[in-house]
1. Roughly speaking, what is the stretch gain from VAL9 to ARG40, that is 0.36 nm per residue apart minus the C-alpha to C-alpha distance, in nm to one decimal?
2. Fully extended, how many nm does the chain gain between ALA87 and THR65 (0.36 nm per residue separation, minus their Cα-Cα distance)?
3. Need the full-extension length gain, VAL134 to ASP72, defined as separation in residues times 0.36 nm minus the C-alpha distance. One decimal, nm.
4. Starting from one equal scatterer on each C-alpha and no solvent at all, send me the Debye-based log10 I(q)/I(0) for the chain at q = 0.14 Å⁻¹, two decimals.
5. Where the centroid of each part is defined by its Cα atoms, how far is the stretch 35-65 from the stretch 115-148 in Å?
Amino acid sequence: MPYYKRLRVSGGSYFFTVNIKDRSRNLLVDNIDLLRDVTRTVRLRYPFQIDACVILPDHFHCVWTLPEGDSDFSLRLRLLKTAFSKALPESLLCPLNRKGRREAGVWQRRFWEHAIRDQSDFNAHVDYVHVNPVKHGLVSRVKDWPYS
């Protein structure tokens, strides 16, 4: 199993980008209620604050703050991705791949994460989250995107 060097800050804030494997699909917005449900379920067991989040058709960006004494954002993302994948109808799953691993291939295996350094960094990443639908040409005004 690979080991990724990640900056872990107890009670810290983090920015994430998480992509689905087949970037040509609208899997996330087409299943937004399911994504919201699994996020609520993960938050009940492993609390975190959602400071900003935007769901786009094929990826999402978010800023989370973890509780004091906790820095395990990877566990939360893994549980969210797994629960979402398992709850999807089989017709929406990609064929099994990665011999012997029984992966459905919904998500890209890795995600991009950034530990927030200070208030200025926090503000910049929250702004990035909110402007992302405009950047991708999905809407012309930030307030018009319904999944933010």
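Throughout, read-outs are computed from the coordinates displayed, never taken from laboratory work. Nothing here was measured: the structure is a model prediction, and the numbers come from that model.
1. Numbers: separation 31, 0.36 × 31 = 11.16 nm, distance 2.28 nm.
Extending this stretch completely gives an extra 8.9 nm.
2. On the way: separation 22, 0.36 × 22 = 7.92 nm, distance 2.59 nm.
Stretched fully, the ALA87-THR65 segment lengthens by 5.3 nm.
3. Values: separation 62, 0.36 × 62 = 22.32 nm, distance 3.11 nm.
Gain on extension, VAL134 to ASP72, equals 19.2 nm.
4. At q = 0.14 Å⁻¹ the computed log10 ratios are -0.71.
5. Centre-to-centre (Cα) distance: 15 Å.
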